[in-house]
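Visitor: Handing you this structure, nothing more for now.
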Amino acid sequence: MGKKKKLLIWQIYPSYLVIALLSIAAVGWYSSGMFRDFHYSHTEGELRSAAYMAIDRLQTVAESEIDDICKSLGSSSGYRFTVVLPSGEVAGDSEKDPEIMDNHSNRPEVQQALNGYVSAKKRYSKTVEQEMLYVAVPFIKDDKNAGSVRASIPLAQIDESLGAMWQRLILVGVVIACIAAFATMLVARKISQPLDRIRMVAESFGQGNLQKELPVSDVVEIDVLADSMNKMANQLNERIHTITLQRDEQNALFSCMVEAVLAVDTEKRIIKLNRTAETLFQVDGPSSIGRNVAEVIRNADILNVIEKALETTDVVEGGISLNQSDRYLQAHGTVLHGEKESRIGALIVLNDITRLRKLEMMRRDFVANVSHELKTPITSIRGFVDTLIDSPVEDKEDQERFKEIISKQAARLQAIVDDLMILSNLEHETGKNGIEFQNGQIDDLLENAVNVCRDLAEAKNVSLAVVCDEGMQWEINMQLLEQAVVNLIDNAIKYSESATHVTIMAEQTPEETVIHVSDEGPGIAKEHLPRLFERFYRVDKSRSHKLGGTGLGLAIVKHIAIAHGGRVEVESQIGVGSRFSIYLPLVRR
């Protein structure tokens, strides 16, 4: 566990306070010693003055009056006065009877005074039984040594005065200490507050608010620090602004890319993926960041491309199949470099080639189907022509039958070519928006289409019914839409049994017109519905050939619907029948 940290003020303040208190204590201790010495010195001076004053009084009195003078002086001054003769005998004392007092010749202060010196001593008095301060001075009378005069005061009295002085000194010390503590707090706060403001603004910088500026301080060092931090914040703000713009531009480009982009680190954790990749793999972008790509995208082909991209410096390419959605992707993988060309991961760009792949498959199927559809009538025509040329048929019936077959196959060939031309023209005109639209009567269009197919319907005993409001109008290309409806009615009649019904119905909303062609034929299995409008796609090839279709009728219907900006749909149920619907949205001019 680390050492507990404290605020700067609580690191400065106690130190300053201890220094201030120690200083006050040292000054108090030194001052108290000086006061004590001064008090003792002052008291000694007073005692000396009192002793000389007593000598002045004793100059004119007899020896028998000395004791009375001592008691009078002691009573008026509060000091104890003792007069000692040269023999050491006590001639007078302000507090005791001289006759019962011991000889004082052995008292140190008296000895020095009898020798002509002023002496001051602190010692215990057996007479009064307490510590005393004595000052003895020589008693000179008539130019002779008449003994010594001693003035004294109890040390307890001096200590009592010193105690009162100590009380006042302690009181003053406490007041000074409080003032020092307050002043120290002010000084500490003066130092810590600017730093605390710097800390709060620095925290604001850390939260991204770089607009704040540190206030100017009257402390040079702190002011320099604040100015440096303000400059740093301005520089950071400019750099962050630049980085943010670059990031937003990159994200905008990244998000708008049609290609799916996936970036991983060397541990195969996802660094970034764009919106297209999120949609393609059906994952949530923010929650995927930092996770292993194998947890988010469960596709062995993608993992294989990523592994190859991480292992080599060359561009890696590969095909990816998303079986769950029948989509095909083309992957391009390259290594990501960081500082000093260090490898930090791989970038995978995925192009959705599903449509291209399907178009390629459709192209191959179309070429194969066209070749097959054209080959059959051409082979038949050529075979019968060769027969007629190489081996003339004398039987008129056989000749007529051969000619009829050749004529039918030629007509079939012509029908295929005509339908291919129609499809080509539709694609060409749709691509350059060359189809003209005008306000046309839907009911008239449906009646015209029915009239075209009426002979075929009567030949198969199939009844045709039109359900359309009179006067229904829409923005259409009359000729193309009539051909689409004819194709649907023609198919419905061909695949319907005798004595069944084909219904042609139109319904309209403010935004859309829908034309339905319903039959009561055998129906179409669900697996055939998605490809039903492809060129040359046949549900039952043998029956289609027997019925004489080119395999392009429904493809033509689809392209006519697309040319109108709409679509074609089919609903079918085996044994019940089918319904083909052309949806025509409102033409936006």
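The values are calculated or read from the model by the stated rules, or taken from the named source; none is laboratory data. In this text, all values refer to a predicted model and were calculated from it rather than measured experimentally. All Cβ positions, glycine included, derive from the backbone under ideal geometry; neighbour counts span all protein chains shown.
Visitor: Has the stretch 551-565 got any residue that is in the same structural domain as Ala506 (by TED's automatic domain parsing), in a loop (DSSP other than H, G, I, E, B) and modelled with pLDDT of 80 or more?
Guide: yes
Visitor: Okay, moving on. Looking at (1) surrounded by fewer than 17 Cβ atoms within 10 Å (Cβ to Cβ); (2) in a strand (DSSP E or B), which one does Glu458 not meet, given that it meets all the others?
Guide: (2)
Visitor: Return the residues of the stretch 238-264 that are of a type in the set (Asp, Glu) and in contact (Cβ under 8 Å) with a residue 60 or more places away in the chain; say none if nothing qualifies.
Guide: Glu259, the sole residue that qualifies.
Visitor: May I ask you to list pairs of residues, at least six apart or on different chains, whose Cβ atoms are under 6 Å apart, with the first in the stretch 472-483 being assigned to a helix (DSSP H, G or I) and the second being surrounded by fewer than 19 Cβ atoms within 10 Å (Cβ to Cβ)?
Guide: Once the first residue is assigned to a helix (DSSP H, G or I) and sits in the stretch 472-483, its partners that are surrounded by fewer than 19 Cβ atoms within 10 Å (Cβ to Cβ) give Met478/Gly440; Glu482/Asn448.
Visitor: Test of understanding: among Arg123, Arg168, Arg150, Arg107, which residue is charged (D, E, K, R) and surrounded by fewer than 13 Cβ atoms within 10 Å (Cβ to Cβ)?
Guide: Checking each option against the conditions leaves just Arg168.
Visitor: Considering each residue of the stretch 192-232, count those that are modelled with pLDDT of 70 or more, in contact with a helix residue (DSSP H, G or I) (Cβ under 7 Å, 6 or more places away or on another chain), among the aliphatic types (A, V, I, L, M) and closer than 25 Å to Ile19 by Cβ, and give that number.
Guide: Going through the stretch 192-232 one residue at a time, the tally reaches 2.
Visitor: Taking the criterion of being farther than 30 Å from Thr279 by Cβ and at pLDDT 75 or above, would at least one residue in the stretch 342-360 satisfy it?
Guide: The answer is yes; a qualifying residue exists.
Visitor: Take Glu339 and tell me if it is surrounded by fewer than 16 Cβ atoms within 10 Å (Cβ to Cβ), closer than 19 Å to Ile271 by Cα and at pLDDT below 80.
Guide: yes
Visitor: Check Val149, Val175 and return the single one that is under 17 Å from Ala54 (Cβ atoms) and not acidic (Asp, Glu).
Guide: Val149
Visitor: For Asn351, work out the one condition from (1) buried (at least 16 other Cβ atoms within 10 Å of the Cβ); (2) in contact with a strand residue (DSSP E or B) (Cβ under 6 Å, 6 or more places away or on another chain) it doesn't fulfil.
Guide: For Asn351, the exception is condition (1).
Visitor: Here is a follow-up. Taking only the stretch 492-538 into account, find how many residues are within 10 Å of Ser578 (Cβ to Cβ) and assigned to a strand (DSSP E or B).
Guide: 2
Visitor: Another question about this same structure. Among the candidates Lys268, Lys308, Lys272, single out the residue that is of a type in the set (Lys, Arg), in the same structural domain as Tyr328 (by TED's automatic domain parsing) and in contact with a Phe, Trp or Tyr (Cβ under 8 Å, 6 or more places away or on another chain).
Guide: Lys272
Visitor: For the stretch 442-455, give me each residue that is touching a residue at least 12 places away in the same chain (Cβ under 8 Å) and closer than 12 Å to Val502 by Cα.
Guide: Val450, Cys453
Residue by residue, here is whether (1) touching a residue at least 40 places away in the same chain (Cβ under 8 Å); (2) closer than 17 Å to Ala263 by Cβ; (3) in a strand (DSSP E or B) holds:
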site	(1), (2), (3)
Thr313	no, yes, no
Ile320	no, yes, yes
Leu329	yes, yes, yes
Thr334	no, yes, yes
Lys340	no, no, no
Ile344	yes, yes, yes
Leu350	yes, yes, yes
Leu356	no, no, no
Leu359	no, no, no
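Visitor: Consider Gly88 against the criteria (1) at positive phi; (2) modelled with pLDDT under 85: it satisfies all of them except one. Which criterion is unmet?
Guide: All conditions are met except number (2).
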